[in-house]
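S.K.: Structure provided below as structure tokens; questions to follow.
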Amino acid sequence: MTGPDATTPAEVPIRALDAAEAEARLAELSDILVDAVAHGASVNFMAGFTHAEGREFWRGQLPGIAGGGKRLLVGDGGGRLVGTVLLFFAHQPNAPHRAEVGKMLVLSSYRRRGLGRRLLAAAEAAALDAGRTLLLLDTETGSAGDTLYRRCGWIAVGGIPDHSFTADGRLAEATVFYKALGPHHRCPAASR
Ligand SMILES: CC(C)(COP(=O)(O)OP(=O)(O)OC[C@H]1O[C@@H](n2cnc3c(N)ncnc32)[C@H](O)[C@@H]1OP(=O)(O)O)[C@@H](O)C(=O)NCCC(=O)NCCS
């Protein structure tokens, strides 16, 4: 489906997707990633990223999701998936409390209406439920994600110059963030 969905971003339910359902919905997951790259997001891929490559990326996540090393949460717009966030649980014996956040994506037509904030809050809650109390990520300095994480109480450790190429081929800085979780560390709802 490519047209607008009846569900507004504020109403989109957020839920975990298991490996079987993720496999069944690889095309929708791929749509979200392709849309993000096409709109300039720095999410590991370069301009021209295709739906086949998007399906391949998500297919590669399935064993980790099935094995419990990763957890995928989605915004489910009913007829289609409209947002994703992945938790990567650290596997090292000395880091059972740690996880990374990645592929924090909202379909471009659903942005700036609170879905990203809700997805991030859901990821934080899922991490905490899994006993993961320290979250890490990095994102392009100055990007929408950079602002979102700061607004949600993440701590910027610092910037790494020339960390990655942007989708259109410029070297850009990334900011490394962390968040220590606790009951008092929930992502606050938007003030409006
Ligand atoms: C980052 C992203 C997930 C945010 O999703 P979203 O649904 O638009 O986010 P929200 O509407 O919940 O925004 C929450 C807050 O984040 C900040 N924010 C979000 N998008 C922003 C933008 N384009 N510019 C500046 N601030 C932004 C704002 O503070 C916003 O609050 P406000 O709307 O009350 O001002 C979305 O822009 C996206 O998918 N971007 C491409 C992928 C990406 O870069 N992901 C992060 C790195 S993995």
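S.K.: Of the conditions (1) touching a residue at least 60 places away in the same chain (Cβ under 8 Å); (2) touching a strand residue (DSSP E or B) at 6+ places or on another chain (Cβ under 8 Å), GLY79 clears all except one; give me its number.
M.R.: Answer for GLY79: the failing condition is (2).
S.K.: Let me ask you something else. Among the residues of region 143-165, what is the count of those that are in contact (Cβ under 8 Å) with a residue 40 or more places away in the chain, under 17 Å from the mean Cα position of the chain (by Cα) and either assigned to a loop (DSSP other than H, G, I, E, B) or more than 12 Å from the ligand (Cβ to nearest atom) (or both)?
M.R.: The total comes to 1.
S.K.: Determine if region 168-179 includes at least one residue that is in a strand (DSSP E or B) and of a type in the set (Phe, Trp, Tyr). Give the steps one after another, and end with the answer.
M.R.: Taking region 168-179 and keeping what is in a strand (DSSP E or B), we get 171-179.
Checking the rest, the ones that are also of a type in the set (Phe, Trp, Tyr) come to 177-178.
Looking through region 168-179, at least one residue is in a strand (DSSP E or B) and of a type in the set (Phe, Trp, Tyr).
S.K.: One residue is enough: does region 66-83 have a residue meeting the conditions at pLDDT 95 or above, farther than 25 Å from LEU148 by Cβ and in a helix (DSSP H, G or I)?
M.R.: Yes.
S.K.: Across region 90-142, what is the number of residues that are more than 24 Å from GLY77 (Cβ to Cβ), in contact (Cβ under 8 Å) with a residue 60 or more places away in the chain and more than 9 Å from the ligand (Cβ to nearest atom)?
M.R.: Looking only at that region, the number is 0.
S.K.: Is there a residue in region 43-55 that is more than 20 Å from ASP138 (Cα to Cα), surrounded by 17 or more Cβ atoms within 10 Å (Cβ to Cβ) and of a type in the set (A, V, I, L, M, F, W, C)?
M.R.: For region 43-55, residues more than 20 Å from ASP138 (Cα to Cα), surrounded by 17 or more Cβ atoms within 10 Å (Cβ to Cβ) and of a type in the set (A, V, I, L, M, F, W, C): present.
S.K.: Looking only at region 12-33, count every residue that is closer than 18 Å to GLY79 by Cβ and part of a helix (DSSP H, G or I) and tell me the total. I'd like the intermediate steps shown before the answer.
M.R.: At the first step, the residues of region 12-33 found to be closer than 18 Å to GLY79 by Cβ are 12-15, 17, 21-22, 24-32.
From what is left, the residues that are part of a helix (DSSP H, G or I) are 21-22, 24, 26-32.
Number of matching residues: 10.
S.K.: What is the residue count in region 104-117 for residues that are buried (at least 23 other Cβ atoms within 10 Å of the Cβ) and within 21 Å of VAL176 (Cα to Cα)?
M.R.: Number of matching residues: 4.
The values are calculated or read from the model by the stated rules, or taken from the named source; none is laboratory data. Not measured: the values here are computed from a predicted model. A quick note on method: Cβ atoms are made from the backbone with ideal geometry, for glycine too, and the neighbour counts reach across all protein chains shown.
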